[in-house]
Amino acid sequence: MTTETVTLAGGCFWCLEAVYDQMKGVTDVVSGYANGRAPNPTYEAVCSGRTGYAEAVQIKYNPEEASFADLLRVFFTIHDPTTLNRQGADVGTQYRSGIYTHTPEQEAVARQVIDEIKAEGLYRDPIVTELEPLKNWYPAEDYHQEYYAHNPNAGYCRVVVAPKVAKFRQKFFARVKA
């Protein structure tokens, strides 16, 4: 099986990880930090907003089961790509919307999907998702991995993560793992 990798930021990494863990064709999702300045960032440092990192997920997927465009269509549905440096109550550069490409082909597909989303008029405000090559990546601490799966009844998970999972399951029912 061939796998490809993409790195996406769309607010809190727990939300993205919870959704993509349930998507057909996705083989692994790791929460972490993308495109910042200092080596070996910690959650506390990233939360300060001074490291330049975005909370992100790195997704490994089988392109024969889920295309990169499919992953991006889900991405643009489960977060608000029109709010700069924020998702809901989570505010700061670490919560920005970003697509961090691993190949020039990914960049081209991302531009096409962004144009498609704009043409559909899904959002009244302009899309502010940054699109740039992945510069660096660090996995988050172990306690962040599979956070929603381990803590579904935590307040943040019930109020913020679960509605995003439900939206994915409803809108992309055919893409949900059995």
Notebook entry, point to check: Of the residues that sit in the range 144-178 and are in contact with a strand residue (DSSP E or B) (Cβ under 8 Å, 6 or more places away or on another chain) and in a loop (DSSP other than H, G, I, E, B), which one is nearest to residue 79 (Cα to Cα)?
Noted result: 172
Notebook entry, point to check: When residues of the range 34-57 are filtered for being touching a Ser or Thr at 6+ places or on another chain (Cβ under 6 Å), outside any loop (DSSP other than H, G, I, E, B) and surrounded by fewer than 16 Cβ atoms within 10 Å (Cβ to Cβ), how many remain?
Noted result: 0
Margin query: Any residue at all in the range 135-147 that's small (Gly, Ala, Ser) and modelled with pLDDT of 95 or more?
Written below: yes
Next item on the list: Starting from the range 26-52, keep only residues that are over 17 Å from residue 99 (Cβ atoms), then list their pairs with residues that are of a type in the set (A, V, I, L, M, F, W, C) and modelled with pLDDT of 95 or more whose Cβ atoms are within a distance under 6 Å, requiring at least 6 positions of separation or different chains.
Entry: 51/45
Item checked: Residues (surrounded by fewer than 24 Cβ atoms within 10 Å (Cβ to Cβ) and hydrophobic (A, V, I, L, M, F, W, C)) located in the range 13-33 -> 23, 26, 29, 30
Notebook entry, point to check: What pairs can you find where one residue is in the range 110-128 and over 18 Å from residue 9 (Cβ atoms), the other is surrounded by 11 or more Cβ atoms within 10 Å (Cβ to Cβ), and their Cβ atoms are less than 7 Å apart, with a gap of 6+ or different chains?
Noted result: 118/127; 125/82
Note to self: Criterion first (over 19 Å from residue 166 (Cα atoms), crowded, with 19+ Cβ neighbours inside 10 Å and at pLDDT 95 or above) does residue 76 satisfy it?
What the structure shows: no
Margin query: Being more than 16 Å from residue 10 (Cα to Cα), modelled with pLDDT of 95 or more and either out of contact with any Cys (no Cβ under 6 Å at 6 or more places or on another chain) or part of a loop (DSSP other than H, G, I, E, B) (or both) is the requirement here; does residue 60 meet it?
Written below: yes
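The values are calculated or read from the model by the stated rules, or taken from the named source; none is laboratory data. As the structure is a computational prediction, the values presented were derived from the model and not from experiment. Heads up, the Cβs are rebuilt from the backbone with ideal geometry, glycines too, and the neighbour counts pull from every protein chain shown.
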